[in-house]
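Trainee: Here it is, the structure, as structure tokens.
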Amino acid sequence: MSRTSLSPSLIATLSGEYYTDPSVFAAEQERVFEAMWFCAVRASELAGPGAFRTVQVGRESVLISRSRDGSVRAFLNICRHRGAKLCTEESGEVKRAFQCPYHAWTYGLDGKLVAAPNLTSMPDIDRVEYGLVNVHVREWLGYVWVCLAQTPPSFEADVIGAVAERLGGAEPIENYGIDDLRVGRRITYDVKANWKLIIENFMECYHCATIHPELTEVLPEFADGFAAQYYVGHGARFGEEVKGFTVDGGEGLDRIPGVAQEQDRRYYAITVRPQVFVNLVPDHVIFHRMYPMAHDRTVVECDWLYLPHVVESGKDVDRSVELFHRVNQQDFDACERTQPAMSSRAYAKGGVLVPSEHHIGEFHTWLQARLGA
Ligand code: FES
Ligand code: FE
């Protein structure tokens with residue numbers, strides 16, 4: 001698969017089959033989602049020992065849980081006996097161990113095989129060897145990131161470094177103290193579109209003037225359609241009349257104390273490849289994680305994070321959440337309108353990136369290199 005050549009000022013997009021061909025998606029599962037660090041769950045969801053969540057990472061179901069010593073562990077969610085899916089729930093809590101619903105093999109919170117019916121009749125079974133398969137884990141920004149690769153790429157370079165590069169250092173993101181913020185609201189979107197349409201949409205603001213009336217009210221520089229999310233490393237300035245990042249521009253919530261003077265009244269958008277988008281505003285952080293489920297389906301889990309006392313006090317975060325919830329709906333509607341057209345003859349050779357979308361071309365080049373295309 002190649003990209004068509006256009007006149008030098010225009011860049012072709014990927015061709016339609018990148019969004020519709022299940023074999024492209026299979027290659028992405030293997031070479032992108034199973035090979036890179038993948039942001040899986042908010043660590044606070046795993047409240048105590050035995051709390052767990054299961055998530056889809058590439059082709060694998062991954063079980064993430066808190067073990068007895070308080071650390072977070074991740075395993076392939078597959079019983080080593082005959083391969084049944086171990087935890088069938090999306091989240092929950094076990095007391096002491098995970099028990100397979102098929103023949104009741106039982107695994108400790110550290111993944112070790114601890115019991116199996118009649119196991120005394122096979123005393124030589126290695127309980128570590130037949131324990132759950134470990135998955136690499138890191139915690140950063142209050143999230144658990146997992147990597148299915150045998151030897152994971154550098155988290156410092158690929159994740160932390162990528163964010164620092166976008167913001168001009170690690171300090172700008174550290175100022176928001178994201179580890180210590182609390183989830184004030186979570187909304188999960190089941191989007192009938194390829195994950196790349198969602199990323200490409202997030203990376204540009206050419207569409208802002210057309211589909212985001214509320215956002216362009218708050219961030220007037222988005223109204224001319226030129227501001228690309230990618231280029232707002234400097235932060236997009238709030239409109240003069242705007243009091244806070246809320247649906248009507250009214251007062252927001254308590255400002256995060258670490259936010260620097262130059263970050264105040266500004267909005268930053270960051271993409272962390274392959275599946276995270278973060279928005280930073282003075283009083284909250286909006287953290288999106290994509291779970292690509294099929295070539296034409298992506299689940300997006302979005303957290304609105306506030307200072308702990310804001311969440312504990314039961315303060316009304318509705319107007320604050322509503323702004324980006326609308327933006328999400330507007331964006332995902334656009335992606336869902338685009339997905340069916342990807343299989344049209346009209347898009348067989350792809351479309352065009354206008355100058356303010358050129359950086360999406362870098363994403364395509366990066367992806368094609370990963371896929372070895
Ligand atoms: Fe799990 Fe048999 S498959 S105990
Ligand atoms: Fe948008």
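Trainee: Taking residue 55, is it in a helix (DSSP H, G or I) and aliphatic (A, V, I, L, M)?
Mentor: Values: in a helix (DSSP H, G or I): no; aliphatic (A, V, I, L, M): yes.
So residue 55 fails the test.
Trainee: List the pairs whose first member sits in the stretch 321-341 and is farther than 17 Å from residue 252 by Cα and charged (D, E, K, R), whose second member is open to solvent by 30 Å² or more (accessible area, probe 1.4 Å) and more than 16 Å from ligand 1 (Cβ to nearest atom), and whose Cβ atoms are under 6 Å apart, counting only residues at least 6 apart or on separate chains?
Mentor: If the second residue must be open to solvent by 30 Å² or more (accessible area, probe 1.4 Å) and more than 16 Å from ligand 1 (Cβ to nearest atom), the pairs left are 336/192.
Trainee: Is it true that some residue in the stretch 239-255 is touching a Cys at 6+ places or on another chain (Cβ under 8 Å), open to solvent by 10 Å² or more (accessible area, probe 1.4 Å) and within 27 Å of residue 317 (Cβ to Cβ)? I'd like the intermediate steps shown before the answer.
Mentor: Step one: of the stretch 239-255, the residues touching a Cys at 6+ places or on another chain (Cβ under 8 Å) are none.
No, there is no match, as no residue in the stretch 239-255 is touching a Cys at 6+ places or on another chain (Cβ under 8 Å), open to solvent by 10 Å² or more (accessible area, probe 1.4 Å) and within 27 Å of residue 317 (Cβ to Cβ).
Trainee: Of all residues in the stretch 288-300, which are touching a Lys or Arg at 6+ places or on another chain (Cβ under 8 Å), outside any loop (DSSP other than H, G, I, E, B) and either open to solvent by 10 Å² or more (accessible area, probe 1.4 Å) or over 14 Å from residue 199 (Cα atoms) (or both)? Can you show your working first?
Mentor: Of all residues in the stretch 288-300, those touching a Lys or Arg at 6+ places or on another chain (Cβ under 8 Å) come to 296-297, 300.
Checking which are outside any loop (DSSP other than H, G, I, E, B) leaves us with 297, 300.
Once the filter is applied, which keeps residues that are touching a Lys or Arg at 6+ places or on another chain (Cβ under 8 Å), outside any loop (DSSP other than H, G, I, E, B) and either open to solvent by 10 Å² or more (accessible area, probe 1.4 Å) or over 14 Å from residue 199 (Cα atoms) (or both), the stretch 288-300 yields only 297.
Trainee: I'd like the full set of residues that are at pLDDT below 95 and either touching a Phe, Trp or Tyr at 6+ places or on another chain (Cβ under 9 Å) or aromatic (Phe, Trp, Tyr) (or both), limited to the stretch 120-157.
Mentor: 130
Trainee: When the stretch 273-291 is examined, which residues are found to be among the β-branched types (Val, Ile, Thr) and within 13 Å of residue 166 (Cα to Cα)? Working first, answer last.
Mentor: Restricting attention to the stretch 273-291, the residues satisfying the condition of being among the β-branched types (Val, Ile, Thr) are 276, 278, 281, 285-286.
Residue satisfying the conditions is 278 alone.
Trainee: Something else: So which residues in the stretch 179-220 are in a strand (DSSP E or B), under 22 Å from residue 320 (Cα atoms) and either within 15 Å of ligand 2 (Cβ to nearest atom) or of a type in the set (Lys, Arg) (or both), if there are any at all?
Mentor: Passing the criteria: 182, 185, 186, 189.
Trainee: Any residue at all in the stretch 351-363 that is loosely packed, with under 14 Cβ neighbours inside 10 Å and either more than 17 Å from residue 203 (Cβ to Cβ) or among the aromatic types (Phe, Trp, Tyr) (or both)?
Mentor: no
Every residue, every condition in (1) open to solvent by 10 Å² or more (accessible area, probe 1.4 Å); (2) in a helix (DSSP H, G or I); (3) under 28 Å from residue 165 (Cβ atoms); (4) modelled with pLDDT under 95, yes or no:
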{"residue": "268", "(1), (2), (3), (4)": "yes, no, yes, yes"}
{"residue": "271", "(1), (2), (3), (4)": "yes, no, yes, yes"}
{"residue": "302", "(1), (2), (3), (4)": "no, no, yes, no"}
{"residue": "311", "(1), (2), (3), (4)": "yes, yes, no, no"}
{"residue": "320", "(1), (2), (3), (4)": "no, yes, no, no"}
{"residue": "333", "(1), (2), (3), (4)": "yes, yes, no, no"}
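Trainee: Working only within the stretch 282-336, note down all residues that are within 16 Å of ligand 2 (Cβ to nearest atom) and among the charged types (D, E, K, R).
Mentor: If the condition is that a residue be within 16 Å of ligand 2 (Cβ to nearest atom) and among the charged types (D, E, K, R), then 322, 326, 331, 333, 336 are the ones that fit.
Trainee: Go through the residues of the stretch 164-174 one by one and say whether even a single one is at pLDDT 95 or above and either open to solvent by 20 Å² or more (accessible area, probe 1.4 Å) or not in a loop (DSSP other than H, G, I, E, B) (or both). Working first, answer last.
Mentor: Initially, the stretch 164-174 is screened for residues at pLDDT 95 or above, giving none.
Checking the stretch 164-174: not a single residue is at pLDDT 95 or above and either open to solvent by 20 Å² or more (accessible area, probe 1.4 Å) or not in a loop (DSSP other than H, G, I, E, B) (or both).
Trainee: Yes or no: residue 66 under 29 Å from residue 290 (Cα atoms), away from ligand 2 (no atom under 16 Å from the Cβ) and in contact with a Pro (Cβ under 9 Å, 6 or more places away or on another chain)?
Mentor: So residue 66 fits the description; yes.
Trainee: Let me ask you something else. Would you call residue 341 closer than 25 Å to residue 192 by Cα and either in a helix (DSSP H, G or I) or away from ligand 2 (no atom under 16 Å from the Cβ) (or both)?
Mentor: Working: closer than 25 Å to residue 192 by Cα: yes; either in a helix (DSSP H, G or I) or away from ligand 2 (no atom under 16 Å from the Cβ) (or both): yes.
Yes; evaluated as a whole, the condition is true for this residue.
Trainee: Against the condition open to solvent by 20 Å² or more (accessible area, probe 1.4 Å) and of a type outside the set (A, V, I, L, M, F, W, C), how does residue 340 come out, does it pass? Full working, then the answer.
Mentor: Values: open to solvent by 20 Å² or more (accessible area, probe 1.4 Å): yes; of a type outside the set (A, V, I, L, M, F, W, C): yes.
Criteria met by residue 340.
Trainee: Kindly establish whether residue 15 is open to solvent by less than 10 Å² (accessible area, probe 1.4 Å) and either part of a helix (DSSP H, G or I) or closer than 30 Å to residue 353 by Cβ (or both).
Mentor: Here the answer is yes, as residue 15 does meet what is asked.
Trainee: From the set of residues in the stretch 221-235 that are over 30 Å from residue 371 (Cβ atoms) and either assigned to a helix (DSSP H, G or I) or at pLDDT 95 or above (or both), which is most open to solvent (accessible area, probe 1.4 Å)?
Mentor: Once the filter is applied, the top-ranked residue is 234.
The values are calculated or read from the model by the stated rules, or taken from the named source; none is laboratory data. Predicted model, so just to flag it, every value in this text is computed and none were measured. Quick reminder, even Gly has a Cβ in these numbers, built from the backbone with ideal geometry, and neighbours come from all protein chains shown. All accessible areas refer to the heavy atoms of the entire protein, side chains included, with ligands and DNA or RNA removed. Shrake-Rupley method; radii C 1.70, N 1.55, O 1.52, S 1.80 Å.
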